[in-house]
Amino acid sequence: MTAVETQMTYSNSYTIHHEETYMTQEEDWDRDLLLDPAWEKQQRKTFTAWCNSHLRKAGTQIENIEEDFRNGLKLMLLLEVISGERLPKPDKGKMRFHKIANVNKALDFICSKGVKLVSIGAEEIVDGNVKMTLGMIWTIILRFAIQDISVEETSAKEGLLLWCQRKTAPYRNVNVQNFHISWKDGLALCALIHRHRPDLIDYSKLRKDDPIGNLNTAFEVAEKFLDIPKMLDAEDIVNTPKPDEKAIMTYVSCFYHAFAGAEQAETAANRICKVLAVNQENEKLMEEYEKLASELLEWIRRTIPWLENRVAEQTMRAMQQKLEDFRDYRRVHKPPRVQEKCQLEINFNTLQTKLRLSNRPAFMPSEGKMVSDIANAWKGLEQVEKGYEEWLLTEIRRLERLDHLAEKFKQKCAMHEAWTAGKEDLLSQKDYESASLMEIRALMRKHEAFESDLAAHQDRVEQIAAIAQELNELDYHDAATVNTRCQGICDQWDNLGTLTQKRRDALERVEKLWETIDQLYLEFAKRAAPFNNWMDGAMEDLQDMFIVHSIEEIQSLITAHDQFKATLPEADKERMATLGIHNEILKIAQTYGIKLSGINPYTNLTPQDISTKWDTVKHLVLRRQFAAQANIIGPWIQTKMEEISHVSVDIAGSLEEQMNSLKQYEQNIINYKSNIDKLEGDHQLIQESLIFDNKHTNYTMEHIRVGWEQLLTTIARTINEVENQILTRDAKGISQEQLNEFRASFNHFDRRNGMMDPDDFRACLISMGYDLGEVEFARIMTLVDPNNTGVVTFQAFIDFMTRETAETDTAEQVMASFKILASDKNYITVEELRRELPPEQAEYCISRMTRFVGPNSPTDALDYISFSSALYGESDL
């Protein structure tokens, strides 16, 4: 619940803002509502009567609320009467500044009681501003008449409303839901009086259609017998569509204080309600656990068969779709289930803690829904998930190899077919017969180049045949088309060899044209060699294993890597320029109809070599980039895991301070998520480039994901432990000093990082003043180590110490409370339960209590003794 802020848009420096939680936002002082004449009239009368009910104790009163407080004297007197404290001596002068000084003393006293004033200044009160004066009086009423009202730990307004609802619940035609229209017919006020003083009003004679008569009856009886002055007019309430809430609250609070001495039965009923509320809440948590566990196990059951499906697809597109579906499962479907699993464990631990603190038996989930069962099912899911991912990647590699071979076959065939296109016609021409000497020499040189080219293409033809054979061995789905094309190339190759030999003696052509091409080949070689050396050096650097010993050294490597990446655009320009020379050669050859051999006489480097190495450099850059980030994130996660393992026993201060520290710690971890997301992006780029190994780091993306999930789960569990300690402290009444003493004692004897051996535990108890024999120590060990693990955890130690030092509700106390409600009988009737308990708790008891059988017992007698024992898992006392 938020604190109330009662604000007015006037000058000066005071603010109404009480820091207690007895006000809600709907109670804010709304200036617009003050403009309603009916509400203002009701507030004037009610607030004036309320002030006079206190001022008469000092022998005075006020007539006009905005006039009589202007000099501040009666305002200071009012505060002294209602607070029982002395205010500073008032100024006796009659000048304006004397009045302002007195009002300021009163306002300062209000502020000293925890109320902050917004926009209410002494000048407005001295000037007789009615809205500001009413706002100030309402603030005083809230602070001194309503603030301390509390029913079952509710706020003031809610507590007063709950009190009214409980007191009027048994009465016909009364349904109190608010502090305005619920009171218009007067029956609610009459019901309050009759509940506590049935001798004053005959409720059976009241009629709902006589609201003015009902209200006047209540006002007259309250004023005559309860010393509650008449603060409201019946006609104003009835004729106003929505009576003023503040006026009604002020008047009703007088009844609360008049009947402040609640009966012993109400106290007993409150105790039973509290116990039953705990039981109902625990049952709700059990149902929620069962539901969440069932949903999570059902999701795991549905998911595992999908992950176990190993039916491979024939195309890369289909397998990549499977991989994308798996990534979508990892990114979208699994994370919420991870969170549900963690929340399930937290809910289970919290439920067990609440049951233990309230002396209830431990919760035992349905068969197959224990936390360990869920953990085993989750472990099985992750094993199947890992196997599915490995299978996907293996199948993708296989299909990628097939697609690569098929594409390579097509490319080589296309290149070879492009090269041989027209060659048979060319070799069959006799253009040399009419050519000049220069032309013949040119044709001869061209033919010599063709012969060299032809010899070079022998390897390509052999490669095409080898690739076709491998595709057949790997059972490629379109092997028939491959075989037909390969046979055609081999037949054509044999025919070209025969035609070339016949033409050799006749060709001496294209010499000068080849000189130009020769020069371009030379230029290509001169530029390709240094660029190739640069790529070799870059590959060596990127493949070199680096050894670092600190984050600073890793950061230095990242900086150097970034500097290297900055040079890539310039290197790419050099690559394009070098390949441009080769393209110029191709352009000349195409222009003059020359078929090139494809071999540069000045270098063994080809454009394909340069392109291949360039792709390799880019892949290495991706590997290095991923490794640099992973080598920071991996150790960071490991460090945080080690820090969290000590945090539950090392943090000093109160549990709330520990909780705030852990929450900040958790927030720092969550803020680190952007680094994980960036690494995921780099990992996706690597997978899309079909890069499956990285020798620059020992961390895989799977390691990072698992470590990150474990880190989030560990910090959540640590926070839950502190929350349970707070629950233990608050429920058992253990002081912070006691908890600190328990922690200090545990830490002194802790030699196993959060756990004690039995001998250390015995020494710890002796140091705290326990006189232990073997039998007593064995009994204590069954409490702190019921599963015989051989160690005592910090949480078990705290639970034991709180049981030793604090009191809890017992079955005997609940029985005693029921006995009060039953007027010392051994049974309680349905009517008594419905009269003394709220409807929900009453029906809860009626549905679970067994019928009491005894002499002279009525037919609706219920056995509250067995019911009280069952609440705490005990047999009948």
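See the values below:
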| read-out | value |
| --- | --- |
| Residues within the range 849-864 that are among the β-branched types (Val, Ile, Thr) and either surrounded by 11 or more Cβ atoms within 10 Å (Cβ to Cβ) or within 50 Å of the chain's Cα centre (by Cα) (or both), tallied | 1 |
| Residues (over 15 Å from the mean Cα position of the chain (by Cα) and among the aliphatic types (A, V, I, L, M)) located in the range 333-357 | Leu351, Leu355, Leu357 |
| Tabulated pairs, the range 518-543, first within 14 Å of Trp614 (Cα to Cα) and at pLDDT 75 or above, second hydrophobic (A, V, I, L, M, F, W, C) and surrounded by 17 or more Cβ atoms within 10 Å (Cβ to Cβ), C-beta under 6 angstrom, 6+ apart or interchain | Ala528/Leu605; Asn532/Leu605 |
| Single residue of the range 405-425 satisfying the filter (touching a Leu at 6+ places or on another chain (Cβ under 9 Å) and within 17 Å of Asp494 (Cβ to Cβ)) that is most open to solvent (accessible area, probe 1.4 Å) | Glu424 |
| Residue within the range 173-180 that is within 30 Å of Met76 (Cα to Cα) and either in contact (Cβ under 8 Å) with a residue 24 or more places away in the chain or buried (at least 23 other Cβ atoms within 10 Å of the Cβ) (or both) present | yes |
| Residues within the range 93-139 that are within 22 Å of Thr46 (Cα to Cα) and among the charged types (D, E, K, R), tallied | 3 |
| Boolean, Gly387 is touching a residue at least 12 places away in the same chain (Cβ under 8 Å), open to solvent by less than 60 Å² (accessible area, probe 1.4 Å) and not in a helix (DSSP H, G or I) | no |
| Matching helices (runs of 4 or more DSSP H) fully within the range 100-183 where at least 2 residues are among the acidic types (Asp, Glu) and at negative phi | 122-126 |
| Near pairs, Cβ below 8 angstrom, 6+ apart or cross-chain, from the range 350-370 (without any contact (Cβ under 8 Å) to a residue 24 or more places away in the chain) to any residue that is assigned to a helix (DSSP H, G or I) and open to solvent by 50 Å² or more (accessible area, probe 1.4 Å) | Ala362/Arg356 |
| Some residue of the range 780-802 being at pLDDT below 80 and open to solvent by 60 Å² or more (accessible area, probe 1.4 Å) | no |
| Only listed residue being among the basic types (Lys, Arg), in a helix (DSSP H, G or I) and under 29 Å from Val278 (Cα atoms), chosen from Arg356, Arg398, Arg360 | Arg356 |
| Test: residue in the range 450-460 that is under 60 Å from the mean Cα position of the chain (by Cα), within 30 Å of Leu402 (Cα to Cα), crowded, with 18+ Cβ neighbours inside 10 Å and modelled with pLDDT under 85 | no |
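Quick grid of which residues meet (1) outside any helix (DSSP H, G or I); (2) more than 30 Å from Gln590 (Cβ to Cβ); (3) touching a Ser or Thr at 6+ places or on another chain (Cβ under 9 Å); (4) modelled with pLDDT of 90 or more:
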{"residue": "Arg317", "(1), (2), (3), (4)": "no, yes, no, no"}
{"residue": "Arg327", "(1), (2), (3), (4)": "no, yes, no, no"}
{"residue": "Glu340", "(1), (2), (3), (4)": "no, yes, no, no"}
{"residue": "Lys379", "(1), (2), (3), (4)": "no, yes, no, yes"}
{"residue": "Lys408", "(1), (2), (3), (4)": "no, no, no, no"}
{"residue": "Glu424", "(1), (2), (3), (4)": "no, no, no, no"}
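The values are calculated or read from the model by the stated rules, or taken from the named source; none is laboratory data. If you're wondering where the values come from, they're calculated on a predicted model, not measured in any experiment. So basically every Cβ, Gly included, is an ideal-geometry build from the backbone, and we count neighbours across all protein chains shown. Side chains included, ligands, DNA and RNA excluded: accessible areas come from the protein's heavy atoms. Shrake-Rupley method; radii C 1.70, N 1.55, O 1.52, S 1.80 Å.
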